[in-house]
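To start, the structure under review is shown below, and the notes come after it.
Each value in this text was obtained by applying a stated rule to the coordinates, not by laboratory testing. Since the model is a prediction, treat every value here as computed from it, not as a measurement. Glycine gets a Cβ as well: all are built from the backbone with ideal geometry, and neighbour counts include every protein chain shown.
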Amino acid sequence: MKSVYRLTLIALAALCSIAGIQPVQAYSTSHNPSIPPNFELVEQWGGALNTMAIQDHYGYLGEGLRLKILDLTPDEEGKPAMSIVGESDVLPGVVTDIVVNGSFAYVMAGGLQVLDISDVSHPKVHADFAHIHNEPWMRMQLDGTRLYVQESDLRWNVYDVSNPGTLVWVAAYSTDGIMRFNGRYAYAIDQDSPPELVEFQVYELNEPTSTAELIGTYSFSRYPSIGVGSGSPMAFDDDYVYLVANHRCSLNWTCIYLVILDVASPEQPQLRSITQPDWNGWGARDIEVVNGRAYIIEADERAGSLYLYDVSNPDNPMLEAHYYEGDLELPHQVFVDGNHVYVLRTLGYYYYESRHIRNINVYQISDQDEEIAITLVNLYVDDGYALGMYIQGEHAYAITDQGVTTLDISNPLHPNKLGRIRTPLMTRRIQVFGKTAGVVVARRGQMSNMDDRFDAYLYDLSDPDAPQLLVYDWIAEATSYMLPSLSLAGDRLYVSYPLRIQHDWLPRIRIFDVSDPPMLISLGGWQQFPQDTQFLHFENDYVLLEKDSLKILDTSNPMTPTIAAEIPVSGEVKQVIADALTASIWTQMNSLPPYQYQLRVFDITDRSQPVEDALYIVEQSSPVEFIEIEGNKLYVTSYDRLETFEMNSTGELELLSSQPIVPAPNALSYRTSRTSDLFYYPAQAEGLLILRSSPRIWMPLVFR
């Protein structure tokens, strides 16, 4: 029997009771625009690796909103430990640059933060200069007691940091190019000179007048660019400056030259040598010179190289060793510590390069049979950009650009990393089917930064500490911004494709056999349905969603499904929730506020004759993102609120609670449980933010 219940929702003014809220220390988020109003940050996990500094066998990493410290002490085999020995509390912003001097680290993170690192296990904020705002491209340099902070492409501010607790402005310098500071002098590259001309410039610095006087130049007429990427375009050592010049020698390749200039007489820089190595690529990314040896990293179409040059004789540099890494990761920055080289690497493919640092490769330099050898001895992988979340019981699966990380959230405030599924390409989606995870990853296109293909990976999650790869294969070309959806039923993997598909011959549903690891075996697909059909999966059945009807498929023969029943619908279907016994259809009836929704509940015990049991009509002041049904509870999630209803035995729909939530479209934020006020919010470079709804919430009355 069909019953109709009508409920009008009116937002009320409320102050949240503080009773029962855990006394958790919240971090300052005054500089962080990612934190929504009326929420506070109580914990953070992961985040993107952006930069690194090295001092005394310790590596200082900017990872998400924290400074992390790595122990680089080599073991008996000469392999650096690469273990985290300490990390800071959450800083006001993403760490974008670090310079280290003695017991203090200067960190750009939502402003300039000075951290005391005398105890590497507990780095602490010593001073916060929030007025020095930073952008991702801004860089710092430290020269003695002078800290140089890049304010724009053409301006550097200089601060006296002889007392790390204070920051005294002493000068500001402007130039037409990139600057490196060396005592009384600064070196710059001016690439805005006349066409086909690059000028190396030497400036003499005068702090009292904030002037940088150009005193010497050297012009290059053959090399239209010096340095590429975000690494340093130059290095200097004693009386010499080392440049890596890039010259476009063909449509696809760049010829690279090592240039050494003598600046012992700053007024008259002299060319000592130009060396053209026997390698071409996209261009040099960074150069570091230590103890008469130049370390150069270079990228080509899908890999990277490390070159070692003996520059002890600046008139005749000699190639000592070359290491080629043929994968999809490109070198980004290089750092040297003793006989170990640390190369920060990004994900890249042909003409696309991600800005995300994907890992740090550690190379050992050694003498073997009178030859210099380069050996990859270790690897550090950060937790990565937080792109999405999936929660199942006491486990959370954080989707990052590195893959999927399994977290134990039995203590929601302190997620514990259990294991990692590291994918070779960019992770786009995870779907968990019991103890099996389906992961969709994407490869970037050859000529753009758009996805050009999708692969599917299935992992066994029986041991969360060590997920095991079961099967993987190509599943689709990327023909739209929408992702393929996976469904697992026994040994059959169903792949649903987006609404708009480029090739008419490609079935909307493809079926794979996963019983013979590690490959997916294609069994065929469904081609008999219209292009504008949406496919929704529940249990071992599929439903077809078309413009004016919902069709239930009989998939007893998975290769030739038939239509078992059809349910007419009105309005725009937003969501279908179904199990073996019940199907609930959530539709939006109008497009202007107040928004009216219908929830129709059907008994589908007999698939061929669904029976409508109830109809609920709900009005909302803002669009609903999604609903959930659990027992007799209906959870309605709009952009910034979660409202809970009880569908009781008397046939009434009663509003139980209306709570603020993290504003995140498409359900990208996840409450740890519906009885908790804690939310997991994937904030990309900032990592996974754990937010709590603030008890100090005021909302205006809304009358209709």
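In plain terms, the chain from residue 581 to residue 489 could stretch by 31.3 nm, reckoned as 0.36 nm per residue minus the Cα-Cα distance.
Between residue 465 and residue 204, the modelled label-to-label distance comes to 6.6 nm, taking each label 7 Å out from Cα in the direction of the beta carbon.
Whole-Hz Karplus values for the stretch 458-473 come out as 10, 10, 8, 9, 4, 10, x, 6, 9, x, 10, 6, 9, 9, 7, 4 Hz, taken residue by residue from phi with 6.51 cos²θ - 1.76 cosθ + 1.60 and θ = phi - 60°; glycine and proline positions read x.
Annotation: amide H-H contacts under 5 Å for residue 509 (H modelled 1.01 Å from N, sequence separation of 5 or more, or interchain): 526. R0 = 25 Å: FRET efficiency of residue 213 with residue 126, Cβ-based, nearest 0.05? Taking R0 as 25 Å, the efficiency between residue 213 and residue 126 is 0.10. Listed values for the stretch 560-576 are Karplus-derived 3J(HN,Hα) couplings in whole Hz (6.51 cos²θ - 1.76 cosθ + 1.60, θ = phi - 60°), namely 10, x, 10, 7, 8, 7, 9, 10, x, 10, 10, x, 9, 5, 9, 7, 10, and x replaces Gly and Pro.
Kindly state, to the nearest 0.05, the FRET efficiency for residue 606 paired with residue 548, given R0 = 25 Å and r defined as their beta-carbon distance.
On the way: r = 23 Å, r/R0 = 0.91.
It comes to 0.65.
In this calculation the C-beta distance from residue 240 to residue 138 is compared with R0 = 22 Å, giving a FRET efficiency of 0.20. Taken along the Cα-to-beta-carbon direction at a fixed 7 Å, the label points for residue 76 and residue 453 span 4.6 nm.
Quick check on the stretch 110-173: of the DSSP beta bridges with both residues there, what percent are antiparallel, nearest 5%? Intermediate values should be presented prior to the final figure.
Values: 20 of 20 bridges.
Beta bridges within the stretch 110-173, antiparallel portion: roughly 100 percent.
Under 5 Å between amide hydrogens, built in the peptide plane, is the criterion, and for residue 661 it picks out 641, 642 among residues at least 5 positions away or on other chains.
Using the average count of surrounding beta-carbon atoms within 10 Å as a protection proxy, the listed peptides 367-379, 97-109 rank, highest first, as 97-109, 367-379.
Please tell me which of these pairs span more than 29 angstrom C-alpha to C-alpha: 79/435; 68/435; 574/633? Numbers along the way, then the final one.
Numbers: 79/435 36 Å; 68/435 33 Å; 574/633 19 Å.
Pairs exceeding 29 Å: 79/435; 68/435.
For a paramagnetic label modelled on residue 613 (point 7 Å from Cα along Cα→Cβ), amide N atoms under 14 Å away belong, within the stretch 629-643, to 629-634. Phi angles of the stretch 122-128 translate, via the Karplus equation with coefficients 6.51, -1.76, 1.60 and θ = phi - 60°, into HN-Hα couplings of 9, x, 10, 5, 9, 7, 10 Hz per residue; Gly and Pro are given as x. Taking amide H as placed 1.01 Å from N in the peptide plane, residue 461 has its amide H under 5 Å from the amide H of 436, 437, each at least 5 places away in sequence or on another chain.
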